[in-house]
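The values are calculated or read from the model by the stated rules, or taken from the named source; none is laboratory data. Quick caveat: nothing in here was measured; it's all calculated off a predicted structure. All Cβ positions, glycine included, derive from the backbone under ideal geometry; neighbour counts span all protein chains shown. Surface areas here come from the heavy atoms of the whole protein model, side chains and all, with no ligands, DNA or RNA. Shrake-Rupley method; radii C 1.70, N 1.55, O 1.52, S 1.80 Å.
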Amino acid sequence: MKGSRRQVRGIGRSAVWELRVHAGRSPVTGKPKYVSRTVYGTAAEADEALAKLVEEAGTVDHVGPAETFGSFLDRWLPKATILKELSPTTVREHKRTVEKIIKPALGSVDLRKLDAGMLNDLCVSLRTRERPLSTSSVRRVHGVISAALAQTVKEDKLANHPADRATPPSVRQAPKVAPSPEDVQAMIASADQNDPDMAAFIALAAVTGARRGELCGLRWGDVDFDRATLTIERSVVVVSGRWVTKGTKTHAGRVLALDPFGEEVLRRQRARHEDRAVDLGVELTDDTPVLSYNLERPISPDTVTHYVRRIATKAGVDTHLHGLRYFAATQMIGGVHDVRTVAGWGTGMPQPR
């Protein structure tokens, strides 16, 4: 397979070249098909780009029917959901990103004509529009595009994909600051005044470092008071108003040893549920959620996220739900404070032993 290059304008590294490669004949009209590309740089750089284009034209179907990027995305996401075992939350966010952002901007573009410049333009537009997206959100958009285009290479639709050559915005990680034991104590005490179930959630999050969906997915059968252990083997998520139970993020269960504080938190929650079961006329079982108002359905993960943010503000603490996970990690790694010093939960909470 042969190709040609033609200098359009400029000299040296500012030169503009038009590359052209024969890519077979159309199965419909029988007419020859060509792949064209414009590149910038020296003659040597143009030759290098031409060689890559010749290779691409020999491995990619340029003569078959064209497909838009939007059409490919519609086919890609359902298959990726199954083959990559994407979580319901990830699927929901991918669908929202595809329908609200990617398809309106690039959905009508011929998949074979999509290039890095178009992707960079999209990133710039998302950062400079009237209500700009955050840097991390733009990178998530780029991540979805990159994952989809990676599949085009596997299906021999493209020899390489332009997302690899695009430049998404860089993210500067803000330093993580964990709340102090006194901060967590203040949040638990504040929550206990009007919602003891949420106070139990905050305490368990601080003690175990478990994710919100994992804590919401706890059942009483996961608690072993005799061995003072807590088993985490599932997570819950709400998708389009529907409750979905799934495995943990790492697809592996784990057993956590409970310290006296964590054990006391769960014993108090159990006693509260036993009283509530009598009032509701139901029976507690191993499948009853540990964090539940009606003893049937667990508290929503989104509900606990919003509540923790509100209770932190009320208690004068600058943190959020993930801060509780980071708090637990710092206690385990640094050992600066024993988590049992998070004491004084309400008027009846025992002092740490």
query: What strands (runs of 3 or more DSSP E) completely inside the stretch 160-247 contain at least 3 residues that are more than 17 Å from Gln269 (Cβ to Cβ) and either open to solvent by 10 Å² or more (accessible area, probe 1.4 Å) or not aliphatic (A, V, I, L, M) (or both)?
result: 235-239, 242-246
message: Take the residues in the stretch 96-111 that are touching a residue at least 12 places away in the same chain (Cβ under 8 Å) and surrounded by fewer than 14 Cβ atoms within 10 Å (Cβ to Cβ); name whichever of them is farthest from Glu155 (Cα to Cα).
response: Ser108
query: Residues in the stretch 318-332 that are modelled with pLDDT of 85 or more and polar (S, T, N, Q): how many?
result: 1
- line: Within the stretch 64-78, of all residues that are closer than 24 Å to Ala116 by Cβ and modelled with pLDDT under 75, the one most open to solvent (accessible area, probe 1.4 Å) is Ala66
Residue that is farthest from Phe69 (Cα to Cα) [pool: residues in the stretch 112-143 that are free of Cβ contacts under 8 Å to residues at least 12 places away in the same chain and among the β-branched types (Val, Ile, Thr)]: Thr128
message: Return the residues of the stretch 169-184 that are closer than 14 Å to Arg325 by Cα and at pLDDT 85 or above; say none if nothing qualifies.
response: Pro179, Ser180, Pro181, Asp183, Val184
message: What's the number of the only condition in (1) closer than 23 Å to Leu324 by Cα; (2) in contact with a Lys or Arg (Cβ under 8 Å, 6 or more places away or on another chain); (3) at pLDDT below 95 that Ser240 fails to meet?
response: (1)
- prompt: Restricting attention to the stretch 116-123, does a residue exist that is part of a loop (DSSP other than H, G, I, E, B), hydrophobic (A, V, I, L, M, F, W, C) and either open to solvent by 30 Å² or more (accessible area, probe 1.4 Å) or closer than 27 Å to Val237 by Cα (or both)?
  reply: no
task: Would you be able to say whether some residue in the stretch 280-291 is part of a helix (DSSP H, G or I), at pLDDT 90 or above and open to solvent by 20 Å² or more (accessible area, probe 1.4 Å)?
output: yes
Lone unmet requirement of (1) surrounded by fewer than 15 Cβ atoms within 10 Å (Cβ to Cβ); (2) at pLDDT 90 or above for Gly253: (2)
field: Residue check, Thr81 of a type outside the set (Lys, Arg), within 22 Å of Gly213 (Cβ to Cβ), under 19 Å from the mean Cα position of the chain (by Cα) and surrounded by fewer than 16 Cβ atoms within 10 Å (Cβ to Cβ)
entry: no
